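One structure follows; several queries about it will come next.
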């Protein structure tokens, strides 16, 4: 089937090992078989090497779908978590395809869902929970599916050492939601070291697929939990075998084939894709009797685990779950189901056979493809009425062209102050804005469901004249200073390139700008020191932080009994000596205190030695009483959680002279979180300490903090803690309005820019 253009556009991840991407690959293949034309626009970061493991025929199909042109006015389906939804203002219809795991939704998700024209969710569970949460957009259930030819009982099993007897498999990321703690409790209660059984875990630390020492992190977590929660060591229970390395996509069916049963005492699922994969392979699946997977699991084809009820989420790993509930799987009933499978293998095989038959007959990919095909036909009628009426959803307003010159699509520029997130509201708010990106990549550096929206705002790289305004965005990774455009007004957004001082080349260039945008007072002072006129400066935050997200994270990560939180963040081996000494001294000095907590958090890309030290801390404090007042955050934070984590701290200790997270110090200054850092007058650190209202602490000859000075800073932070203080922050719309207002003033006048002083 050769298709040159279509109005139906699918935006979502394709070339990565995630549930969203796997589902998209199955749906796109099924839509092709159903003769539904699709213009594919793949988004998100592509995992290196992943594409090579995919079926060449599937890759050819996706390439053909990529080549299909967009026929406006379009119907855009954004396949992503709902907080990534941004309606395409030029589209006839915006569709969101998403899912969630609890009994409700975060407020931001509700808002983003209500911005769409239609929602596609995979389960009746999500249709109910989304509606109850306040979603008013029409919701259509578009289920998932399974390739029962790929996941088949006759697939040769994967060779794995160390297995014996009845093998129970579980595949998951080491998240609390997945119920790994429930599984370990039940395993310790169900079987002893002499039982002929094995628990096989295909798992990895949160967000750490590519970390070299992930096996040690997982094994230490298992040992620490068994000791603290079950009073047993790893050798006191039946064998637990872990696989933490990345498996190629084509090895997954063989992994399921190696097991005798699949087990997952999950607290909640948006669909339950691994359950389907195991069932299609003919395995009995033990899973919690709650959430989305009950659309395809029942007492005939599965072994469901009863609940002890619904409980508050209280998951520090995922502040999105704040103020919601999910399942509390019964450990006792899980023990019963595990023993049942081991005791009666024949019954287990019969249940697996029923599961396989259900997957083959009821859940092929053609089922959701049929639902989508019907919806595309019905929505196409609505689109045609828009075309016939000669109107568009949001006509492009006439006016002078505003061109943004920035390398928005560099996969290496990953930090909490990401340009893409900062600029998106502006481009969405002003249809005159177009973007020139010199980067080699043509997709956003962050997960962005607005691929079509960006595609139509991107220029082809050729110069556009005349320009009314050019906005140049600087980044530390840029090799050269920007050049003034030949026509129009020129605005430069410095970001954190203007940290403490500007490079001479950059200072000379931006001195020619009509207006300079800086994200905070530190950058403002650096620009003035470099010769930029104060009248040309305008303070606009680099990244808006969602207030609701900050509030949720703060509530989850404050001590239950109140008190001051002092963060300690490190990433490199050079930080280890000072950090370890600080923690040990803290244990002695604050053991009897109940009003102050040291929170240890991993920075960006921690070294193996830092990860090892962190894992040892996790194990050490798993068995300590809360009075130790040291809180070890269990996993590295994703970039988007750092603003919330910082706002949940009353001060932040950084033992090194370089930030452990990109843009960490400017973020502290922007959020009003005081820095406690080494006293080094010849370093950028001193300026950021001053900007954040923090304290510079002397370093002893051994590379350790002077404890007396550090304790004085901690006591000062205790005296100014923010318990219950309101969180004032900007949202995307506010920042977009500020930027759009300045650009409108500049594009409407040839007079010299003279913005009011902030």
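Where a number appears in this text, it was derived from the coordinates with a stated rule and is not lab data. Every value quoted in this text rests on a predicted model; they were computed, and no experiment measured them. With ideal geometry, Cβ positions are generated from the backbone for all residues, glycine too; neighbour counts draw on all protein chains shown.
Starting from the 7 Å offset along Cα-to-Cβ, what nm value, one decimal, do you get for the label separation of residue 149 and residue 58?
1.3
Which value in nm describes the separation of the simple spin-label points at residue 505 and residue 34, placed 7 Å from the Cα toward the beta carbon?
Here the answer is 5.4 nm between the modelled labels.
Same structure, new question: Compute the distance in nm between two label points, each set 7 Å from the Cα along the Cα-to-Cβ direction, one at residue 336 and one at residue 50.
Using points 7 Å along Cα→Cβ, the separation is 4.0 nm.
Tell me, what is the FRET efficiency for residue 612 and residue 486 to the nearest 0.05, using R0 = 56 angstrom and their Cβ-Cβ distance as r?
0.50
Using r as the Cβ-Cβ distance of residue 298 and residue 384, and R0 as 51 Å, what FRET efficiency do you calculate, to the nearest 0.05? Before the final figure, lay out each step's value.
Working: r = 41 Å, r/R0 = 0.81.
Between residue 298 and residue 384 the formula returns 0.80.
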